[in-house]
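Just below is one structure, and these are the notes that go with it.
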Amino acid sequence: MGSIFTPTIETLPKTADAVVIGGGIVGVATAFWLSRAGLDTVLLEMRDGLSTLTTAQSIECFRAQFTEPAMAELALPSIEVFEHFAEVTGIEGYDISLRHQGYLFVTDQPEMVDDMRAAVEKHRQLGVTDSEFLGHDELLARFPYLSEKALAATFRQQDGWLSTHEATQGFAKGSQAQFLLSTPATGIQLDSGGSGGAWGVSAVETPLGSISTRTVVNAAGPFAGVVGKMAGVELPLEAVRRQKVFISPRPEIPADAPLTIDVAQDAYWRPETGGAYIAWVDPDEPAGEPKEELPLDWDYPAIVLDKLVALNPFWEGIADSLRGEDVHPSAGQYVYTPDDQPLIGPLSDVAGFYVNCGYWAGVMLSPEAGRRITRLVTGEMQPEENALRPTRYAEGVVYEGDSFLRGRH
């Protein structure tokens, strides 16, 4: 079982086969698979708990409805891990509150109907055989809370959501890694003692001392760019604030509804414990510096509710009755790359330095992304076999995707 603790100078590990920087679900899943592969693995988390920054601000969902081959290649096996989580982690009866209530991408724009059909065809080509195209009549019959203006949708019942806290803790408990809390990485030492005399990592510095290692995985979420600079590497990452709102329980909210997304407006909601999460992905939100504490826009909940009413008329009555104490906003950061797909793999400039970052969909892709990094570290997978290698831009091997709800157009 993995150990989660706040170290002292005396208890700080002095060496490790691999050091993972970042204790969100992506980093913890990475540490899980590295330790399962037999590597003495240490994870560094700057905060006082795992999955307390970006992971905690997600709406905890997963989907297989991607049109980018590399994203679908991560999503499908990740969902399989979630579906068999207790078996994968070896923790009998472990429950991550998995709910297969579906993802419904819906539009009232006639010009987007063909895009919906094309998306489902692309899903089929990528092995997602159970997504559906729904026309107006079937859409309203199956989801009667929608407006008559709804024209078409894509839907996959097996998409859904889970408890990210429980999943992160399960990965940690099911591993053999050490998870060091309140222990930020403050530097990365380099030398020329790598394989063949290559310039590479030799240690990770912390306020308590250094951990000698030849393998570092940067899974620091919004702070991945900062960690990259510690190794002398500039990563093509942009951190962008994303807000969400929890609405206190209301009987009008359909408890059995899927995550419902108005693709024309990038506004969405899903039921949660009698209430709902609501959000809007503002395409004009500027990139900023990574932060632990983010400001909230006081008018954001009203903007989201106004956008939701167009295709979900029941929200109008709820909006009219809401009081301040019923509305609970929060914010985290998505991290974008030039093609809106993550960076996974080794950096050619620094031996032993790997990245697993650049996510706007980190929760849903984390299981397979962590497994892929491990396969790359152990040599089971070669870098050129990995479509998400960070060298793809320099190589000119980039697939521009068009999945819905990426947050950028």
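In table form, for the structure just shown:
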{"item": "Meets criteria (in a loop (DSSP other than H, G, I, E, B), under 14 Å from N312 (Cα atoms) and not assigned by TED's automatic domain parsing to the domain that holds T54) for A264", "result": "yes"}
{"item": "Members of segment 101-115 found to be of a type in the set (S, T, N, Q) and closer than 17 Å to A264 by Cβ, listed by number", "result": "T107, Q109"}
{"item": "Unique match (being assigned by TED's automatic domain parsing to the domain that holds C357 and either surrounded by fewer than 21 Cβ atoms within 10 Å (Cβ to Cβ) or out of contact with any Cys (no Cβ under 7 Å at 6 or more places or on another chain) (or both)) among A56, A75, A70", "result": "A56"}
{"item": "One residue from I91, I79 being out of contact with any Ser or Thr (no Cβ under 9 Å at 6 or more places or on another chain) and closer than 26 Å to D339 by Cα", "result": "I79"}
{"item": "Candidate set from segment 116-143 (those that are surrounded by fewer than 19 Cβ atoms within 10 Å (Cβ to Cβ) and touching a strand residue (DSSP E or B) at 6+ places or on another chain (Cβ under 8 Å)); member that is nearest to W269 (Cα to Cα)", "result": "R142"}
{"item": "Set V227, V263, V233, V245: member being within 16 Å of F353 (Cα to Cα) and within 22 Å of the chain's Cα centre (by Cα)", "result": "V227"}
{"item": "Any hit, segment 194-201, residues being in contact with a Pro (Cβ under 9 Å, 6 or more places away or on another chain) and at pLDDT 95 or above", "result": "no"}
{"item": "Any helices (runs of 4 or more DSSP H) falling wholly within segment 303-409 and containing at least 3 residues that are in contact with a Cys (Cβ under 6 Å, 6 or more places away or on another chain) and polar (S, T, N, Q)", "result": "none"}
{"item": "For W280: the one exception among (1) surrounded by 14 or more Cβ atoms within 10 Å (Cβ to Cβ); (2) over 19 Å from the mean Cα position of the chain (by Cα); (3) not basic (K, R)", "result": "(2)"}
{"item": "Checking P290 against (1) in contact with a helix residue (DSSP H, G or I) (Cβ under 7 Å, 6 or more places away or on another chain); (2) farther than 25 Å from M46 by Cβ; (3) in a loop (DSSP other than H, G, I, E, B); (4) at pLDDT 95 or above, the condition it does not meet", "result": "(2)"}
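The values are calculated or read from the model by the stated rules, or taken from the named source; none is laboratory data. The structure presented is a predicted model; accordingly, all values stated were derived computationally and were not measured. Positions of Cβ are generated from backbone atoms using ideal geometry, with glycine treated the same way; all protein chains shown enter the neighbour counts.
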